[in-house]
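Let me begin by presenting the structure, written as structure tokens, before commenting on it.
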Amino acid sequence: MSNHEYILRLADKDIRSALYDLGTMFDCVSTVDGLPVFRSSRLQIEKAVPDGVFEFFLSANLIDRTSFCLTPDGKALFELMYIHQDISNANEALKQRLLHNPVVNLVGQVFYGRGKQSVEQLRTLLNYHSVANREIEYREVISLLTLLNKYSVVVYDKKNKLFSVKDVACGEAPIHQYYIDPTTPFSNVYNLRKVIRACRGSIFWIDKHFRKEGLETLLDGLPFEGVSSITIISGSDNVTQSAKSDYAALRNELSARLISLSWRVITDNGFKWHDRWLLADNLCYNIPPVLAIIRGQRADILRTKIALDPTPFLEASTPIDEV
């Protein structure tokens, strides 16, 4: 599971000062003794990056993951905030990046529409999902709520130590990571559908324990336009006659839409599966088993930097009709 501890150390003033520094005096971020620093080749100077900012800027696509310079989005935000001084739109742009952060998305997914919640409830949620690789402290949750209150994501009552979620992420584009939570069974499946809806080209769903319920989720999320083929690769555990029947019906239906569907099975018990994957020409996600998502078992849907090569799975599998 990815570590998002940085969000607990993030302060609004640090976000703004770091953006200003990167847009004026400094070219990029580099590391010195493992710590991020601003660096200027023109001025030959360095400056420490405020705590949590480097990781947030990366996750929010404000700095490039290769050059560590401002991205076009980062430059646009700098111009809004410091050249045009359009503070209202700059704040909205930052708010949207916060809303699409995996941890903030989790807070909205679980607590939106449920009225006032305690700080301790949020701390328990964050620890339950291992947002940090340690126990999260009460003061860190206060820090997160203070930041989110600044951008009207939550309303935080300091006196009574209560908060309510005011706004949540909208839009069809999937975010980098979704947490699977037992209290939000519909949202868990909905988030998987959003990932499927973003797939283009050739789709592969690789899951040793794939079951026929996944066909329903696939159809619910499938964008149709821009998809040429879908290949499911599984083990033989859940290959039932009912699953074969549902697969055949969906294959015929998709064929009429010029999308080929193939379900292939690996029967070799010694085959090394290396997790479960949903990948397409344009993205790759590490995902939990279908049933785990439906049941809300604690896990996460995580986008990966490197796409999985499906060739070994294809070579080791045979069509489901032959099993």
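Points to keep in mind about this one:
- Residues of region 13-22 that are open to solvent by less than 30 Å² (accessible area, probe 1.4 Å), touching a residue at least 40 places away in the same chain (Cβ under 8 Å) and over 9 Å from Pro50 (Cβ atoms): Leu19, Leu22.
- Matching residues, region 154-198, being more than 14 Å from Val290 (Cα to Cα), within 13 Å of the chain's Cα centre (by Cα) and polar (S, T, N, Q): Gln177
- Any hit, region 82-92, residues being on the phi > 0 side of the Ramachandran plot and touching a helix residue (DSSP H, G or I) at 6+ places or on another chain (Cβ under 8 Å): no
- Only one of Ile232, Ile301, Ile266, Ile287 that is touching a Phe, Trp or Tyr at 6+ places or on another chain (Cβ under 8 Å), surrounded by 18 or more Cβ atoms within 10 Å (Cβ to Cβ) and farther than 22 Å from Ala198 by Cβ: Ile266
- Evaluation of Asn149 against (1) in contact (Cβ under 8 Å) with a residue 12 or more places away in the chain; (2) in contact with a strand residue (DSSP E or B) (Cβ under 7 Å, 6 or more places away or on another chain); (3) open to solvent by 20 Å² or more (accessible area, probe 1.4 Å); (4) not in a helix (DSSP H, G or I) (one fails), failing number: (4)
- Residue selected from region 119-145 under the condition assigned to a helix (DSSP H, G or I) and acidic (Asp, Glu), by the criterion surrounded by the most Cβ atoms within 10 Å (Cβ to Cβ): Glu140
- Each residue in region 23-40 was checked for being at pLDDT below 85, open to solvent by less than 70 Å² (accessible area, probe 1.4 Å) and part of a loop (DSSP other than H, G, I, E, B), and 1 pass.
- All positions within region 206-238 that are farther than 23 Å from Asn282 by Cβ and out of contact with any Ser or Thr (no Cβ under 9 Å at 6 or more places or on another chain): Glu213, Glu216, Asp237, Asn238
- Among the criteria (1) surrounded by 14 or more Cβ atoms within 10 Å (Cβ to Cβ); (2) at pLDDT below 95; (3) at negative phi; (4) not hydroxyl-bearing (Ser, Thr, Tyr), the one Gly296 does not fulfil is (3).
- Residue count for region 57-90 under the criterion of being in a helix (DSSP H, G or I) and over 18 Å from Gly171 (Cβ atoms): the result is 14.
- Any hit, region 277-291, residues being outside any loop (DSSP other than H, G, I, E, B), modelled with pLDDT under 90 and either in contact with a strand residue (DSSP E or B) (Cβ under 6 Å, 6 or more places away or on another chain) or under 28 Å from Val323 (Cα atoms) (or both): yes
- Where Asn105 falls short, out of the listed (1) in a helix (DSSP H, G or I); (2) modelled with pLDDT of 95 or more; (3) not hydrophobic (A, V, I, L, M, F, W, C): (2)
- Taken over region 304-323, residues that are part of a loop (DSSP other than H, G, I, E, B), of a type outside the set (S, T, N, Q) and surrounded by 16 or more Cβ atoms within 10 Å (Cβ to Cβ) amount to 2.
- For region 265-323, the set of residues classified as over 30 Å from Thr184 (Cα atoms) and in contact (Cβ under 8 Å) with a residue 60 or more places away in the chain consists of Pro310, Phe313, Leu314, Ser317, Ile320, Asp321, Val323, listed by residue number.
- In region 248-263, the qualifying residues are those that are part of a helix (DSSP H, G or I) and open to solvent by 10 Å² or more (accessible area, probe 1.4 Å), and the one that is nearest to Phe186 (Cα to Cα) is Leu250.
- Test set (1) in contact (Cβ under 8 Å) with a residue 12 or more places away in the chain; (2) part of a helix (DSSP H, G or I); (3) under 26 Å from Asn105 (Cα atoms) - Asp167 fails condition number: (2)
- The combined condition, being hydrophobic (A, V, I, L, M, F, W, C), touching a residue at least 60 places away in the same chain (Cβ under 8 Å) and either surrounded by fewer than 18 Cβ atoms within 10 Å (Cβ to Cβ) or assigned to a loop (DSSP other than H, G, I, E, B) (or both), is not fulfilled by Leu43.
The values are calculated or read from the model by the stated rules, or taken from the named source; none is laboratory data. Values in this document were obtained by computation on a predicted structure and should not be read as measured data. Quick reminder, even Gly has a Cβ in these numbers, built from the backbone with ideal geometry, and neighbours come from all protein chains shown. Heads up: the accessible areas ignore ligands, DNA and RNA and are worked out on the full protein's heavy atoms, side chains in. Shrake-Rupley method; radii C 1.70, N 1.55, O 1.52, S 1.80 Å.
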